[in-house]
Amino acid sequence: MSVVQIKNLSRRLDHLGNEATHELDKVCGHELWRKLGFDAFDGLQDSEKRALANYYYGQWLTVREIKSSLG
């Protein structure tokens, strides 16, 4: 991969990570999910919110894994 491709990928990953973080903060109503992980939103009463939180948490974790493998 060229340097330009890596920078573009990193920028897109940053955008996806920021989107996931924002949505998780909004769905959970707090930032505790960053420390508690799934436990923070598994207790959500609304099943739609819980599903949305699970989706964005998976997105957030995937972004972190890819970014860590890129160095």
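The values are calculated or read from the model by the stated rules, or taken from the named source; none is laboratory data. Note that the structure is a prediction, hence the values are computed from the model and not measured. Using ideal geometry, Cβ is built from the backbone for each residue, glycine included, and neighbour counts are taken over all protein chains shown. For the accessible areas, the whole protein counts, side chains as well, though only heavy atoms, and no ligand, DNA or RNA atoms are used. Shrake-Rupley method; radii C 1.70, N 1.55, O 1.52, S 1.80 Å.
If packing is taken as the mean number of other Cβ atoms within 10 Å per residue, what is the order of 9-20, 60-71, highest first? Working shown, then result.
Working: 9-20: 14.1, 60-71: 12.5.
Sorting 9-20, 60-71 by mean packing, highest first, produces 9-20, 60-71.
For the chain, what mean projected area does the convex hull of the alpha carbons give, in nm²?
About 4.8 nm², averaged over all directions.
Using helices alone, what [θ] at 222 nm do you get for the chain, with -39,500 (n - 2.57) per DSSP H run of 4 or more residues, divided over all residues and rounded to the nearest 500?
-27000 deg cm²/dmol
Could you give the accessible area per residue of the chain, probe 1.4 Å, as a whole number in Å²?
Heavy-atom SASA per residue in the chain reads 71 Å².
Per the 1.4 Å probe, what fraction of the accessible area of the chain, in percent, lies on carbon and sulfur atoms?
Values: 2660 of 5060 Å².
In the chain, the share of accessible area belonging to carbon and sulfur is 53 percent.
Report the net charge of residues surrounding residue 5, where surrounding means a beta-carbon distance below 14 angstrom and charges are Lys +1, Arg +1, Asp -1, Glu -1.
Counting the neighbours of residue 5, the net charge comes to +3.
Quick one: helix 47-70 against the long Cα principal axis of the chain, what's the angle to the nearest 10°, folded into 0 to 90?
Between the helix axis and the principal axis of the chain, the angle is about 30 degrees.
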